[in-house]
Amino acid sequence: MAEPIRVLVTGAAGQIAYSLLYSIAKGDVFGKDQPIILVLLDIPPMLPVLDGVVMELQDCALPLLREVIPTDKVEVGFKDLDAAILVGSMPRKEGMERKDLLKANVAIFKTQGAALDKYAKKTVKVLVVGNPANTNCLIASKSAPSIPKENFSCLTRLDHNRASSQVAMRCGVSSDNVKNVIIWGNHSSTQYPDVHHAKVNVHGSEMAAYDAIKDDAWLRGDFISTVQLRGAAVIKARKLSSAMSAAKAICDHMRDIWFGTKEGEFISMGVYAGGNSYGIPEDLIYSFPVQIKNKTWKVVDGLSINDFSRAKMDATAAELVEERDTALDFLSQ
């Protein structure tokens, strides 16, 4: 048996974590022969709830789960980590301006970035889920200068999965018959779900998504807005934000980091934009199509970008630049 790895989940008493922890602990993410030490971090008022989560994890009797450590202390939470899944953030409250949200989250992710820098392994893989995810990820990375920027990513896999599923349903195929959709940019309503490079397997023959769907107006209209606004639609229906689907996307994202992407396929991740070939401003966490090998991601270069896509990619980049500049102002205060 391998040595156990230490995996941190923050916001561990929350509803995304409740859907996520079982999948991690039973081996769906890091492998069926990889023992796990789960570290669960939350704020002090949530510790009694966290005790209940720990009891449930114990009651699952999972052979790979070696230890569960509930804590509200960063020096315990971030110690010797192999992977950190930062789910907890300040949610937007009614009447809250976006800049107030950014200010609250800059404080959280500055603290967590500094804790990663001080206590975690330098090889730690950090996934930021808490919104605004791209900018929170950038702040965490800037606050952890001794950890490579490439070790930080933010979750746009949920958007990617949403886009794949919409295409699959439209074509009447299962979602594993759709590959290479792309989410460009911010995990917000400006993100650009792009299927110009996507492929759909219909009755055993692979074709371009545009050819399989044969409805350009839908692909450039309702498809994009459905994916962009899906989170809001779930909240309206459930009165709660996406949890089960977010947890599944986190598992997909971390599993791909650990084990790599399939040959000829790419997935979407918010990653550091430095050195990209698509003209996106460098000092951002921006969602690109990536391929992963040996726990290292690489942006897929050389995809043709038409004028329609270019405008959408630039619009979401502009929003991220504005968010970043606001957040960096708070960071320097």
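The values are calculated or read from the model by the stated rules, or taken from the named source; none is laboratory data. Just so it is clear, the model here is predicted, and its values are computed rather than measured. Positions of Cβ are generated from backbone atoms using ideal geometry, with glycine treated the same way; all protein chains shown enter the neighbour counts. The area values use the complete protein model at the heavy-atom level, side chains included, leaving out ligands, DNA and RNA. Shrake-Rupley method; radii C 1.70, N 1.55, O 1.52, S 1.80 Å.
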(request) Would you mind giving the three semi-axes, in whole Å and largest first, of the ellipsoid equivalent to the chain according to its Cα gyration tensor? (result) 31, 23, 19
(request) Quick one: grab the alpha carbon gyration tensor of segment 5-154, order the square roots of its eigenvalues as a ≥ b ≥ c, and give me rounded if a/c is under 1.5, else prolate or oblate depending on whether a/b is larger than b/c. (result) oblate
(message) So if I place +1 on the C-beta of Lys and Arg and -1 on the C-beta of Asp and Glu, and nothing else carries charge, what would the dipole magnitude of segment 100-171 be about its Cα centre? I want it in debye, nearest 20.
(response) 160
(request) Of the options 105, 52, 36, report the single residue whose Cα projects farthest towards the positive end of the charge dipole of the chain (beta-carbon charges: Lys, Arg +1; Asp, Glu -1). (result) 52
(message) Can you sort 171, 60 by solvent-accessible area, 1.4 Å probe, largest first?
(response) 60, 171
(request) Quick one: what are the phi-derived ³J(HN,Hα) couplings along segment 41-55, Karplus 6.51/-1.76/1.60 with θ = phi - 60°, whole Hz, x for glycine and proline? (result) 10, 8, 7, x, x, 8, 4, x, 5, 4, 4, x, 5, 4, 4
(request) Post the alpha-carbon centroid distance, segment 265-323 to segment 4-26, in whole angstrom. (result) 28
(message) Please state the shape class of segment 156-323: rounded when a/c is under 1.5, otherwise prolate if a/b exceeds b/c and oblate if not, all from the C-alpha gyration tensor.
(response) rounded
(request) Name the shape class, rounded, prolate or oblate, that the alpha-carbon gyration tensor gives for segment 98-249, where a ≥ b ≥ c are the square roots of its eigenvalues, rounded holds for a/c under 1.5, and otherwise prolate holds if a/b is larger than b/c and oblate otherwise. (result) prolate
(request) About the Cα centre of the chain, how large is the charge dipole given +1 on each Lys and Arg Cβ and -1 on each Asp and Glu Cβ? Please answer in debye to the nearest 20. (result) 220
(message) What do you get for trypsin sites (Lys or Arg not before Pro) in segment 98-127 restricted to DSSP loop and a cutoff of at most 12 other Cβ within 10 Å of the site's Cβ?
(response) 122
(request) With r as the distance between the Cβ atoms of residue 97 and residue 307 and R0 = 30 Å, compute the FRET efficiency 1/(1 + (r/R0)^6) and round to 0.05. (result) 0.35
